[in-house]
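This report refers to the structure that appears directly beneath it.
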Number of protein chains: 2
Amino acid sequence: MSEAEEIETAQAANTAFYHAVAEGDYPAMAQLWATTVPVVCVHPGAPALHGLREVTQSWRVILADPPGLTHSSSRVAIVRGLAFVTCLEHIGNRTLAASNIFVWEDRDWRLVLHQAGELPPLDTETSTAGNRLH
Amino acid sequence: MSEAEEIETAQAANTAFYHAVAEGDYPAMAQLWATTVPVVCVHPGAPALHGLREVTQSWRVILADPPGLTHSSSRVAIVRGLAFVTCLEHIGNRTLAASNIFVWEDRDWRLVLHQAGELPPLDTETSTAGNRLH
């Protein structure tokens, strides 16, 4: 697969991830995570979850009441055969910055890490608060 | 290098990262980032920064007034030769969840991705607010 194809298929995997979230499709979500490497998921405002069982269980709970999430501005880099995808997530008028990292496994891209963190609202003076932390 | 050695040296690289933050040591920080692969940094409450120049410039600004940050609970997994480190960051009474991903480059671990997001205070009813987003 050329790097252009790797990028295109990783974009598709990232879209499939957000489709599963939007649809509350737990089986599709569970299928998207890697099974042969350790996986990590850092939901906004929460500590890291480790391991397939803990990660998929968190999504089972979340997808029982899907958060109405869309995504934009996705960008893919291939690093040593892994796909690093960054994008923005949108829930109502809230925006989050997300990183989704995929490994190639069983002829498809599978998630090894997802982390999302909320951005402050653009229209308040808190909009640069995050940078004060580090 | 055995996987145990990979984990031990990745822990050391992660510690070096936080040492550079605590000391406001910009040259050490700049040295820690990979130069042969695309790098990403997602500061808390901010969108992703892409590329070595943009990422190191953000740290130059931050380290001019070091945030007094410590870390704990670090955990390393080696995934296809990359080191995935998760840990908690502490700034005063604030806690953040961080992911630091390193590639082996030029005989050392170098950062390819850093993302940190703040956890809500434990002593308020907002402590599970993050999970409401997704």
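Quick notes on this one:
- In segment B:70-82, residue nearest to B:Met29 (Cα to Cα) [restricted to those that are facing another protein chain (nearest Cβ under 7 Å) and among the hydrophobic types (A, V, I, L, M, F, W, C)]: B:Leu82
- Considering segment B:1-20, and only residues there that are part of a helix (DSSP H, G or I) and of a type in the set (A, V, I, L, M), the residue that is surrounded by the most Cβ atoms within 10 Å (Cβ to Cβ) turns out to be B:Ala10.
- When A:Val40, A:Val85 are checked against the criterion of being facing chain B (nearest Cβ under 8 Å), under 15 Å from the mean Cα position of the chain (by Cα) and at pLDDT 95 or above, a single residue qualifies: A:Val40.
- Residue within segment B:93-102 that is modelled with pLDDT under 95 and either in a loop (DSSP other than H, G, I, E, B) or not charged (D, E, K, R) (or both) present: yes
- With respect to (1) exposed (fewer than 15 other Cβ atoms within 10 Å of the Cβ); (2) in a strand (DSSP E or B), the lone exception for A:Ser74 is condition (1).
- Members of segment B:52-101 that are of a type in the set (Ser, Thr, Tyr) and without any contact (Cβ under 8 Å) to a residue 24 or more places away in the chain: B:Ser58, B:Ser72, B:Ser73, B:Thr86, B:Ser99
- Unmet requirement for A:Thr70, which otherwise passes all of (1) in contact with a His (Cβ under 6 Å, 6 or more places away or on another chain); (2) under 29 Å from B:Trp33 (Cα atoms); (3) of a type in the set (S, T, N, Q): (2)
- Options B:Ala16, B:Ala22, B:Ala46, B:Ala4; residue that is closer than 16 Å to B:Glu105 by Cα and either modelled with pLDDT of 95 or more or among the β-branched types (Val, Ile, Thr) (or both): B:Ala16
- Candidates are the residues of segment B:88-104 that are more than 8 Å from chain A (Cβ to nearest Cβ) and among the small types (Gly, Ala, Ser); the one that is farthest from B:Asn14 (Cα to Cα) is B:Gly92.
- Yes/no for A:Trp104 being touching a residue at least 12 places away in the same chain (Cβ under 8 Å), over 11 Å from the mean Cα position of the chain (by Cα) and closer than 21 Å to B:Val40 by Cβ: yes
- Count - residues of segment B:105-124 that are within 9 Å of chain A (Cβ to nearest Cβ) and assigned to a strand (DSSP E or B): 7
- The single condition from (1) facing chain B (nearest Cβ under 8 Å); (2) modelled with pLDDT under 95; (3) under 21 Å from B:Val55 (Cβ atoms) that A:Pro67 fails is (3).
- Sub-9 Å Cβ pairs linking a first residue in segment A:1-21 that is more than 14 Å from A:Val76 (Cα to Cα) to a second residue that is of a type in the set (Asp, Glu), at least 6 apart or interchain, are A:Tyr18/A:Glu89; A:His19/A:Asp25; A:Val21/A:Glu89, ordered by first then second residue.
- Candidates B:Ala48, B:Ala20: the one that is more than 8 Å from chain A (Cβ to nearest Cβ) and aliphatic (A, V, I, L, M) is B:Ala20.
- Some residue of segment B:53-62 being part of a strand (DSSP E or B) and within 7 Å of another protein chain (Cβ to nearest Cβ): no
The values are calculated or read from the model by the stated rules, or taken from the named source; none is laboratory data. As the structure is a computational prediction, the values presented were derived from the model and not from experiment. In this analysis, Cβ positions are derived from the backbone assuming ideal geometry, glycine residues included, and neighbour counts consider all displayed protein chains.
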